[in-house]
Amino acid sequence: MKLLLLSLFLLTGVAWSGNFNEAQQQARQSHKMILVNFSGSDWCGPCIRLRKEILETTEFDNYAQDHLVLVRADFPRQKKNQLAKDQTKRNEALADKYNAEGKFPFTLLLDENGKVLKSWDGYPNVKTAQFVSQIKAFEHGK
């Protein structure tokens, strides 16, 4: 199983963090924006569609590698998909700060200091190129 996960990571090339504090540190050091995705990976149809059609595409990965730090706050419901307690606490704390209404999917673009630049409430009904263009509009002096 670990080999499979490692292979998947190597194939996609872009890692999603589950730790916002670490991601924010990385964003500050690299002067990248942060994309936070609140997802219900095993019950939310639009969340699954967003992942498959936009966030896990080669086009998005190619952009994200050099421009974004990625954070996923997942809230699975099925017992077999439950996260570790510490991860659940991190996700809940992040939701308290940025997604108090509990929207799914809910995606935020933040600057390196955690300021919200843009939000997508629900499935952004656009192609990957348009989604990336919406993010590019917030690049600072690049």
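Data table
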read-out	value
Tally of residues being assigned to a helix (DSSP H, G or I) and either among the aliphatic types (A, V, I, L, M) or in contact with a strand residue (DSSP E or B) (Cβ under 6 Å, 6 or more places away or on another chain) (or both) across the stretch 52-75	3
Residue within the stretch 37-47 that is in a helix (DSSP H, G or I), within 18 Å of S119 (Cβ to Cβ), of a type outside the set (V, I, T) and out of contact with any helix residue (DSSP H, G or I) (no Cβ under 9 Å at 6 or more places or on another chain) present	yes
Candidates K142, K103, K136 - the one that is modelled with pLDDT of 95 or more and surrounded by fewer than 14 Cβ atoms within 10 Å (Cβ to Cβ)	K136
Test result for T107, β-branched (V, I, T) and in contact with a Ser or Thr (Cβ under 6 Å, 6 or more places away or on another chain)	no
Qualifying residue in the stretch 76-95 (condition: under 13 Å from the mean Cα position of the chain (by Cα), assigned to a loop (DSSP other than H, G, I, E, B), surrounded by 12 or more Cβ atoms within 10 Å (Cβ to Cβ) and modelled with pLDDT of 95 or more)	no
Residue match in the stretch 106-121 (condition: of a type outside the set (K, R), farther than 23 Å from A27 by Cα, touching a helix residue (DSSP H, G or I) at 6+ places or on another chain (Cβ under 9 Å) and open to solvent by 20 Å² or more (accessible area, probe 1.4 Å))	no
Pair list, Cβ under 9 Å, 6 or more apart: the stretch 39-62 residue closer than 20 Å to Q78 by Cα and in contact (Cβ under 8 Å) with a residue 60 or more places away in the chain, other residue among the charged types (D, E, K, R) and in a helix (DSSP H, G or I)	S39/R51
Selection status of D42, in contact with a Pro (Cβ under 8 Å, 6 or more places away or on another chain), at pLDDT 95 or above and either under 21 Å from E139 (Cα atoms) or not small (G, A, S) (or both)	yes
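The values are calculated or read from the model by the stated rules, or taken from the named source; none is laboratory data. Quantities reported herein were computed from a predicted structural model and do not represent experimental measurements. Note that each Cβ is placed from the backbone with ideal geometry, even for glycine, and that neighbours are counted across all protein chains shown. The accessibility values were calculated without ligands, DNA or RNA, using every heavy atom of the protein model including side chains. Shrake-Rupley method; radii C 1.70, N 1.55, O 1.52, S 1.80 Å.
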